[in-house]
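S.K.: Pasting a structure here, questions to come.
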Amino acid sequence: MEDCTASAFSVFYFQHSSFLDAQRKLQNKTHRNNAQTLFGIEQIPSDPHIRKCLDPVDPSLLAPLIFGIGESLFQQGHLSPYDTRFGFLPTLDGTQTVSSDKISCPSCLKRKKAKDSEEVTYSHAAVTPVLVRPGESSVIPLPPEFIGRDDGTSKQDCEICAGTRWIESYLPRYREFGRITVMGDDLYSHEPFCRKVLELGCDFLFVCKESSHKTLSEYLKGCTTVVLKRHEKGVRKKKRLLHTYRFMNGTPLSGQEDALRVNWFSLEITDEDSGERIFYNSWATSHTITPEILEDLSACARSRWHIENGNNNPLKTKGYHLSHNFGHGEVFLSNTLTTLNILAFLLHRAQEFWDAGYCTARSLMPRIAFFDILRVLTSFAVFPSFDRLIEFLLEDDPDLRRLILDTS
Ligand SMILES: [Zn+2]
């Protein structure tokens, strides 16, 4: 089992779908291989054997590894820049991992291709939370929670249910890091979800559109709001931008008699010269709003986008191939492989804090070139350790350096 798990992980770590094949060839030629030296794999299992062994493995068994890496980073002080005025900002968002018209398993989500069509698309999806912070697109991935079929019924699970399971499992643990403000899109401005976050001793800061919260928007019409103006230079066109905030504390989130009271604010950015609206969004939060905190609060709220730029996009388009079907299985395989892929992404991120050699090597070339070189090197030579592999990349040998950089 150890060999199978490490073998699947090695493929994601090196972002090389033929990594194991290359190591089998090296083993035949040299009686040694990098799977053994770098990942401690005693005997490289065949691909079908890996899939068969990992299919019954519940991906939640891997969550302690992902949590543990984050906890180590926290204990070593690397996460202090993520501790904002409103605490740490775990940000939730759902994303589809794999989808197919043909390949399916019992835990697949099903969607009709058209309203009256019998044809179905099968897919897997997960809530993939990350820690974000304003002004920094690099995120810290947290354990995923899969959106799946309800056990024993035909009812499909949903993102808010998976999000609720996630906060129940993890908020008490992340709460030990310090103050927590959970962030998410409009979907999470949902009364039971907000109440659950508060019950767990945390705050929330969710997108809250007036169009999807009718009662709340009626209250906003009848009340006075405060307008703050800020000027700033636009980055690209040196425009003079006007930031207009509106806020109101104690607004009912829904039309129920005992509705939860939330604090609502919006930010509109306009070009002062043309009057053109450049940005608009609105949020609901448990933090009491005062004019003094509005700018910091909106900076945190807007950093929610880093879950797209810093997590979902790299996982899908920057070598991790999260949407690729590496193996679907009958039980957990697809989700377990997704979790190993996220673990590889987190480990690469953690190495930026832990491994000065890795950081230097990464800074020498673009990300794709870096992994291309590791792919070539580990296909033709056996390295006794990761340190030696990175040292080799950094060796001050002009011919070697030229050879390496030419490969990119
Ligand atoms: Zn499936």
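Every number here is computed from the coordinates shown, using simple stated rules; none is lab data. None of these values were measured; they are calculated from a predicted model. Neighbour counts are summed over all protein chains in view; Cβ atoms, including those assigned to glycine, are modelled from backbone coordinates with ideal geometry.
S.K.: For the chain, modelled as a Gaussian network with Cα springs under 10 Å, which listed residue fluctuates most, L297, L260, L54?
M.R.: Taking springs between Cα atoms under 10 Å, the residue moving most is L260.
S.K.: Can you compute the modelled spin-label distance between E136 and S100, with each label point 7 Å from Cα toward Cβ, in nm?
M.R.: Inter-label distance under the simple model: 3.9 nm.
S.K.: Ranked by Cβ crowding within 10 angstrom, fewest neighbours first, how are E292, E159, E191 ordered? Walk me through the numbers before you get to the answer.
M.R.: Working: E292 9, E159 20, E191 16.
Result, fewest neighbours first: E292, E191, E159.
S.K.: Further, regarding this structure: Between D258 and E308, take the C-beta separation as r, use R0 = 41 Å, and let me know the FRET efficiency to the nearest 0.05. If you can, show how the numbers build up before the last one.
M.R.: On the way: r = 35 Å, r/R0 = 0.86.
It comes out at approximately 0.70.
S.K.: By counting other Cβ atoms within 10 Å of each Cβ, how are I167, I103 ranked from fewest to most?
M.R.: Details: I167 26, I103 14.
Fewest-to-most Cβ neighbours within 10 Å comes out as I103, I167.
S.K.: Would you compute, from DSSP H runs of 4+ residues alone, the mean residue ellipticity of the chain at 222 nm, taking -39500 (n - 2.57) per run and dividing by the full residue count, rounded to the nearest 500?
M.R.: -12000 deg cm²/dmol
S.K.: Now for a different question. Please sort through the DSSP H helices of the chain and keep those with an alpha-carbon extent of at least 27 Å along the long axis and a Kyte-Doolittle average not below -0.5. Please list the in-between numbers first.
M.R.: Details: long enough: 333-354 (31 Å, 0.50).
Span-like helices, by this rule, are 333-354.
S.K.: Gap in Å between the Cα centre of the stretch 320-389 and the Cα centre of the stretch 66-102?
M.R.: Cα centroid to Cα centroid, the span is 18 Å.
S.K.: Here is a further query. Net charge around Y174, counting only other residues with Cβ within less than 14 Å of its Cβ (Lys, Arg = +1; Asp, Glu = -1)?
M.R.: My count for the surroundings of Y174 gives -3.
S.K.: Right, something else. For W283, W354, which order do you get if you count the other beta carbons within 10 Å of each Cβ and list the fewest first? Can you show the working numbers first?
M.R.: Working: W283 27, W354 15.
Ascending number of Cβ neighbours within 10 Å: W354, W283.
S.K.: Where nothing but the Cβ of Lys and Arg (+1) and of Asp and Glu (-1) is charged, how large is the charge dipole of the chain around its Cα centre, in debye to the nearest 20?
M.R.: Values: 47 positive and 52 negative charges, 174 e Å.
It comes to approximately 840 debye.
S.K.: Restricting to the stretch 55-334, what percent of DSSP beta bridges are antiparallel, rounded to 5?
M.R.: Numbers: 46 of 52 bridges.
In the stretch 55-334, approximately 90 percent of DSSP beta bridges are antiparallel ones.
S.K.: Need one number: nm distance between label points at L61 and D21, each 7 Å from Cα along Cα→Cβ, rounded to one decimal.
M.R.: Going from the L61 label point to the D21 one covers 2.8 nm.
S.K.: Still on this structure: Can you tell which of S286, S303, S169 shows the greatest fluctuation in a Gaussian network model of the chain with Cα springs below 10 Å?
M.R.: Greatest mean-square fluctuation among the candidates belongs to S169.
S.K.: Gap in Å between the Cα centre of the stretch 124-144 and the Cα centre of the stretch 155-207?
M.R.: Going from one Cα centre to the other spans 14 Å.
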